[in-house]
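First up is the structure itself, then whatever we jot down about it.
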């Protein structure tokens, strides 16, 4: 959006500080959208500090004017593929290109970690997420992670 301060991305922790605050907000929103769904439930793919940290992953927080506005992580699937997880944009920052910038930053981080392909998923009640992923070049694939809530699974070559 014209006149907006650029978003600065930095590595962070998914379980402390700004990262934890954003992920908590995301968990609450997902639970409201999907009737009490617990993202850390036994049936859900893992995406905690162990998965979204070195050496095979990372977690980023984006700030604008010093205020945290988004977060997301990269999780190792195998030597070649990673998964983008925990993408979230704070409500006050939506509709301003923040999600697209976050996705690009996560793809760049995945490339720096050596991955050739990024994968992701989203559920049926998040059509805006699916539209973003499709517009960014993601192509639908079969269920790759066993997420019982997701209905859209996709991947994109990073190089």
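Each residue in region 80-94 was checked for being free of Cβ contacts under 8 Å to residues at least 12 places away in the same chain and more than 14 Å from residue 21 (Cβ to Cβ), and 1 of them qualify. Among the residues of region 117-159, those identified as out of contact with any helix residue (DSSP H, G or I) (no Cβ under 6 Å at 6 or more places or on another chain) and touching a residue at least 60 places away in the same chain (Cβ under 8 Å) are 123, 126, 144, 145, 146, 147, 148, 149, 155.
Only one entry in 148, 127 is at pLDDT 95 or above and surrounded by fewer than 18 Cβ atoms within 10 Å (Cβ to Cβ), namely 127. Could you check residue 36 against (1) exposed (fewer than 13 other Cβ atoms within 10 Å of the Cβ); (2) modelled with pLDDT of 95 or more and say which number it fails? With (1) exposed (fewer than 13 other Cβ atoms within 10 Å of the Cβ); (2) modelled with pLDDT of 95 or more applied to residue 36, the lone miss is (2). Of the numbered criteria (1) modelled with pLDDT of 95 or more; (2) not in a loop (DSSP other than H, G, I, E, B), the one residue 13 fails is (2). Of the residues making up region 96-108, those that are in contact (Cβ under 8 Å) with a residue 60 or more places away in the chain and surrounded by fewer than 23 Cβ atoms within 10 Å (Cβ to Cβ) are 96, 97, 98, 101, 105. Scanning region 109-118 turns up no residue that is more than 24 Å from residue 46 (Cβ to Cβ), touching a strand residue (DSSP E or B) at 6+ places or on another chain (Cβ under 7 Å) and surrounded by fewer than 17 Cβ atoms within 10 Å (Cβ to Cβ). Looking only at residues in region 130-145 that are more than 15 Å from the chain's Cα centre (by Cα) and part of a loop (DSSP other than H, G, I, E, B), the one that is surrounded by the most Cβ atoms within 10 Å (Cβ to Cβ) is 144. So which of 8, 29 ends up being out of contact with any helix residue (DSSP H, G or I) (no Cβ under 6 Å at 6 or more places or on another chain), assigned to a strand (DSSP E or B) and either closer than 21 Å to residue 120 by Cβ or modelled with pLDDT of 95 or more (or both)? Criteria check complete, one pass: 8.
The values are calculated or read from the model by the stated rules, or taken from the named source; none is laboratory data. Because the structure is a prediction, the values reported are computed rather than measured. With ideal geometry, Cβ positions are generated from the backbone for all residues, glycine too; neighbour counts draw on all protein chains shown.
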